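Read the figures in this text as sums done on the coordinates, not as results from a lab. Please read all numbers here as calculations on a predicted model, not as lab measurements.
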Amino acid sequence: MTLLELHNFPFAVAIGLMVVIAVLQIIGVGDLFDGADADVGLDVDVEPGIDGAIDVDGANSAGFLDATFSLLGIGRVPFLIWLMMFLVVFAAIGVAGQEFAISLLGSPLNTALAGLGAGVAALPVNSVLARPIGKLMPKDETTAVSVGSLIRRDAEIQIGTARRGSPARSKVIDQFGHPHFVMVEPHDDEASLLEGEVVMLVRREGETFYGVQYESSHLKLT
């Protein structure tokens with residue numbers, strides 16, 4: 001069998017891994033990853049670095065990652081589905097490429113070179129395939145939460161102290177009970193939001209939300 005030839009080893013491994021993932025999904029183990037699929041879009045947009053700090057470069061990096069994921073088709077289908085599709089496409093391109101090399105050159109390409117080439121080629125092909133498949137898959141309305149809908153919701157400061165110009169990583173629970181992680185600064189210039197404190201989000205500018213403490217006079221006016 002062609003797939004079992006030594007020069008096709010990376011592609012045989014890819015198919016084997018795809019089968020393992022499929023089996024884990026069937027027996028229910030793959031459900032452990034479902035939560036990661038649900039929030040991939042929003043969390044990539046707003047989650048900061050581990051030190052809780054964010055700057056213009058950090059915001060640009062988050063936007064770049066989000067654009068990259070969108071370009072690759074990640075988020076259009078659940079990640080495990082995307083990964084299984086990629087493994088199949090990778091293997092198909094790799095085996096076909098080796099067969100073409102044999103017919104053209106009389107021998108297969110170097111295994112590592114063939115694997116690298118197949119991986120690069122599989123990314124755009126998989127992205128194209130993910131788009132129509134994503135449109136056909138049933139949508140879960142509970143995951144369709146816009147960033148703006150988090151305004152007027154409570155956020156818990158999780159890492160660091162938030163000050164004006166120095167936001168802190170915070171957790172917000174949306175109307176469906178799903179957690180999202182955002183960067184929060186105090187709405188009041190002189191205020192500090194301490195780790196563990198719960199504040200209300202009152203506005204957003206770009207990737208940063210602004211919160212007020214519950215004893216703030218701003219809440220008394222609303």
Which far-off residues, 5 or more places away or on another chain, put their amide H under 5 Å from the one on Ile151, with H placed in the peptide plane?
none
Explain nothing, just compute: Karplus ³J(HN,Hα) = 6.51 cos²θ - 1.76 cosθ + 1.60, θ = phi - 60°, for every residue of region 82-95 in order, whole Hz, x for Gly and Pro.
4, 5, 5, 4, 4, 5, 5, 5, 4, 5, 5, 5, x, 5
Karplus ³J(HN,Hα) for region 150-162 (6.51 cos²θ - 1.76 cosθ + 1.60, θ = phi - 60°; Hz, whole; x = Gly/Pro) runs 7, 4, 6, 10, 7, 10, 9, 5, 9, 10, x, 10, 8
Enumerate the calculated ³J(HN,Hα) couplings along region 168-177 in order (Karplus 6.51 cos²θ - 1.76 cosθ + 1.60, θ = phi - 60°), each rounded to whole Hz, writing x wherever the residue is Gly or Pro.
10, 5, 9, 10, 10, 9, 7, 5, 9, x
